[in-house]
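J.: This is the structure I have questions about; it appears just below.
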Amino acid sequence: MDSLKEYLNPEIVGRIAGIGFKTRQPVEGTIAGLHRSPLHGLSPEFADYRSYTPGDDLKNLDWKAYARSDRFYIKRFEEESNLRAVFIIDSSKSMAYGAPAFSKYDCAATLAVSLSAVLLKQRDAVGLAILNDQVQEDLRTGGTPSHLAKFIEVLQRVQLAGETDIGPAVSQVADQIHRRGVVIVLSDLLTPLDPFYESLGKLQYAGHEVIVVHILHRDELEMPFKDSVIFRDIEGEEEIFAEPWAFHKAYQAAMEQFIQESRQRCQYCGIDYLQVLTDENLGAVLSNYLHNRQYAPSKTHRGRMSSLGSSIRTESQSESNSEQSPAPETKTL
């Protein structure tokens with residue numbers, strides 16, 4: 001586990017470096033890069049026309065448009081800009097599940113470091129916010145190669161603690177991001193969902209592209225326990241003695257409903273949703289996602305996160321809220 005604690009896996013980075021990461025919407029940067037800018041300047045990609053005004057550079061006149069309309073038009077081109085990406089990682093106690101082998105937090109940190117290494121190679125800037133019910137660590141965005149070492153150092157010194165209530169903390173981080181960019185949230189989403197969705201809507205309102213990476217352990221998905229066990233709430237002190245076979249099907253149905261709702265609500269609002277299990281090949285997961293992202297059509301934003309309310313949530317979702325929290329540590333009696 002010592003090597004994994006470094007979170008920088010050359011195999012994963014090498015697999016995704018050739019694909020790269022590009023935004024789907026304009027971003028604001030300070031140097032030339034790979035991503036569209038909301039500003040207009042000189043670049044190979046044509047944007048639109050505007051009417052000529054005295055003082056404009058005549059080399060940008062479109063003489064073909066003048067021949068057709070007998071009016072002068074200036075061609076405008078999209079500038080390319082570097083990207084500012086902020087990774088928001090859930091550090092609540094539930095993210096420790098799976099330790100000491102490879103916890104959900106280890107998975108989130110490895111994904112974040114791998115993507116950051118690729119972004120820095122593209123001359124983009126990355127930042128980091130680690131939070132549970134409040135912001136624990138806040139690393140400002142930077143674009144130098146040495147910034148990755150700081151990124152990893154912050155991840156290593158985090159102590160997983162507290163309950164999962166990341167909505168208000170994500171909203172706080174949103175207030176601190178002043179340039180339009182990409183925000184990548186990595187969490188198990190075992191949190192009050194309405195405040196969380198509202199905070200994502202706040203990020204979108206500010207012009208950020210949002211990506212949600214839903215990290216789960218396979219135990220949480222499949223409930224593989226067969227003997228009588230004690231389920232201990234990893235974020236509290238509650239313990240429940242249960243026979244898993246008695247509610248196995250109901251639990252799986254509730255978990256599937258929880259995941260489906262999370263995916264639907266993100267897709268409804270034009271947010272990328274990626275589910276990752278801790279035992280999956282992370283290089284394959286990231287490369288497939290980045291490859292599909294390049295060719296997928298632009299996301300359609302059909303409404304605010306908070307406007308969905310409880311229209312999607314069903315009774316089985318209510319069951320999942322009561323059954324998914326005590327999933328962490330188990331002991332066979």
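The values are calculated or read from the model by the stated rules, or taken from the named source; none is laboratory data. Just so we're clear, the structure is a prediction, and the values are computed from it rather than from any experiment. No Cβ is skipped: glycine too gets one built from the backbone with ideal geometry, and neighbour counts run over all protein chains shown.
J.: Just wondering, is there one or more residues in the stretch 189-198 that are in contact with a strand residue (DSSP E or B) (Cβ under 7 Å, 6 or more places away or on another chain) and at pLDDT below 90?
T.: No; the residues of the stretch 189-198 include none that is in contact with a strand residue (DSSP E or B) (Cβ under 7 Å, 6 or more places away or on another chain) and at pLDDT below 90.
J.: Which residues, taken from the stretch 121-167, are in a helix (DSSP H, G or I) and either among the charged types (D, E, K, R) or under 30 Å from E238 (Cα atoms) (or both)?
T.: K121, K150, E153, L155, Q156, G167
J.: Sticking with this structure for a sec: Output the residue which, of all residues in the stretch 248-257 that are hydrophobic (A, V, I, L, M, F, W, C) and out of contact with any Leu (no Cβ under 8 Å at 6 or more places or on another chain), is surrounded by the most Cβ atoms within 10 Å (Cβ to Cβ).
T.: Looking only at the stretch 248-257, we keep the residues that are hydrophobic (A, V, I, L, M, F, W, C), and these are 250, 253-255.
Imposing the further condition that a residue be out of contact with any Leu (no Cβ under 8 Å at 6 or more places or on another chain) reduces the set to 250, 253-254.
Numbers: A250: 14, A253: 13, A254: 22.
Looking at the filtered set, the residue picked out is A254.
J.: Right, something else. In the same structural domain as S114 (by TED's automatic domain parsing), of a type outside the set (F, W, Y) and part of a helix (DSSP H, G or I), is that true of L190?
T.: So L190 does not fit the description; no.
J.: A further question follows. Which members of the stretch 77-128 meet the condition of being farther than 18 Å from R179 by Cα and among the β-branched types (V, I, T)?
T.: Hits for the stretch 77-128 are I89, T110, V113, V118.
J.: Give me a count of the residues in the stretch 199-235 that are over 30 Å from L282 (Cα atoms) and modelled with pLDDT under 85. Quick ask: steps written out before the conclusion?
T.: Restricting attention to the stretch 199-235, the residues satisfying the condition of being over 30 Å from L282 (Cα atoms) are 205-206, 227-230.
Adding the requirement that they be modelled with pLDDT under 85 leaves 227-230.
So the count comes out to 4.
J.: Using the structure shown, decide if I215 is crowded, with 16+ Cβ neighbours inside 10 Å, without any contact (Cβ under 8 Å) to a residue 60 or more places away in the chain and under 26 Å from A101 (Cβ atoms).
T.: Criteria not met by I215.
J.: A follow-up question, please. What number of residues in the stretch 114-136 are in contact (Cβ under 8 Å) with a residue 40 or more places away in the chain and closer than 23 Å to G167 by Cα?
T.: Looking only at that region, the number is 9.
J.: Further, regarding this structure: Would you confirm whether or not the stretch 255-265 contains a residue that is modelled with pLDDT under 90, within 21 Å of D194 (Cα to Cα), assigned by TED's automatic domain parsing to the domain that holds V212 and touching a helix residue (DSSP H, G or I) at 6+ places or on another chain (Cβ under 7 Å)?
T.: No, that holds for no residue.
J.: Name the pairs: first residue in the stretch 159-170 and at pLDDT 85 or above, second residue β-branched (V, I, T) and assigned to a loop (DSSP other than H, G, I, E, B), Cβ to Cβ under 7 Å, at least 6 apart or on different chains?
T.: Hits for this filter: D165/T191; I166/T191; G167/T191.
J.: Moving on. Identify, please: which residue in the stretch 262-281 is within 15 Å of L216 (Cα to Cα) and not aliphatic (A, V, I, L, M) and is, among those, surrounded by the most Cβ atoms within 10 Å (Cβ to Cβ)?
T.: Checking each candidate, the answer is T278.
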